[in-house]
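Accompanying notes for the structure given below.
Laboratory data are not the source of any read-out in this text; all were calculated from the coordinates shown. A quick note: this is a predicted structure, and the numbers were derived from the prediction, not measured. Methodologically, a virtual Cβ is constructed for each residue, glycine included, from the backbone with ideal geometry; neighbour enumeration extends over all protein chains shown.
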Amino acid sequence: MSILDEIVAHKREEIKTLADVANPPHCTRDFAELFQNTPCLIAELKAASPSEGVIAENFDPEDQTAKYVAGDVNAISVLTDEKYFGGSFAVLRNTRVLTDVPLLCKEFIIDEKQIRVARDCGADMVLLIVKILTDEELLRLKTAIDNLGMAALIEIQNEEELERALKVSPDLLLINNRNLTSFDVDMNTTANLLEGIPATIKAIAASGIKSPSDLENFSPRVDGFLIGTTLMRSDDPAEFLRNCRGTWKKHAA
């Protein structure tokens, strides 16, 4: 069993005891604001990961959020998986209190209950990972996200997953350079998949970004970047984000 299979299996058990929310508030966010200040930079809150182990010894979401906001981040991604990533829905809810910046619930979503809880905690966007869902599940979960006024960020890693994702008419695609089965990173993944993504769909690249200069290796077609581990380990996340924006402005000009 791969780590991903193990995570999903654990998630199925975890969901059984997750308290549901009958009528979470509808999201009224205008998602056009995500891309008004290019590139769209999504900074992530995570304490650990299966590939990196412990990332933040003294995980302080409140302090990290303040640094992200100071760096003029477009959105904040909050890992809500506890066992493998050291997060929780409580971190998501607390982050919502701290900032009005759009929040992404980054979770292994396999059940509509998780979506309702994410919205109740203040999420504006929810990640859907094509690799762990059937076509029917992908459509059903995306519809549940849409119905609550949130945006679905659909994660893909290869051409087959892109083809499946396009069937549900996505607005936002996350191209993960990290293979979730092997956890290997291939920075060519983004370039390989961009050609098949219609211009009407926003494409966000994730994983493998170590420095602001790495953004120069991406096509100007990329609309944004999700950066996690590097920002969590950065001495100055706000400056890192500002440098990313400056680098991209010169590169995409």
Return the single residue from Ala238, Ala90, Ala47 with maximal mean-square fluctuation; model: Gaussian network over the chain, springs between Cα atoms under 10 Å.
Ala90
23 Å Cα-Cα threshold exceeded, pairs from Lys210/Lys250; Lys11/Lys167; Lys210/Lys249; Lys67/Lys131
Lys11/Lys167; Lys67/Lys131
In whole Å, what is the distance between the alpha-carbon centres of segment 74-144 and segment 209-253?
23 Å
Going by how many other beta carbons lie within 10 Å of each one, how would you line up Phe31, Phe85, fewest first?
Phe31, Phe85
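Just the number, please: percent antiparallel of the DSSP beta bridges in the chain, rounded to the nearest 5.
Numbers: 3 of 34 bridges.
Bridges in the chain that DSSP calls antiparallel: roughly 10 percent.
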Could you please rank Leu153, Leu138, placing first whichever residue has the fewest other Cβ atoms within 10 Å of its Cβ?
Leu138, Leu153
For segment 64-206, Kirkwood radius (reciprocal of mean inverse C-alpha pair distance, Å):
15.6 Å
Could you give the length gained by full extension between Asp135 and Met1, i.e. 0.36 nm per residue of separation minus their alpha carbon distance, to one decimal place?
46.0 nm
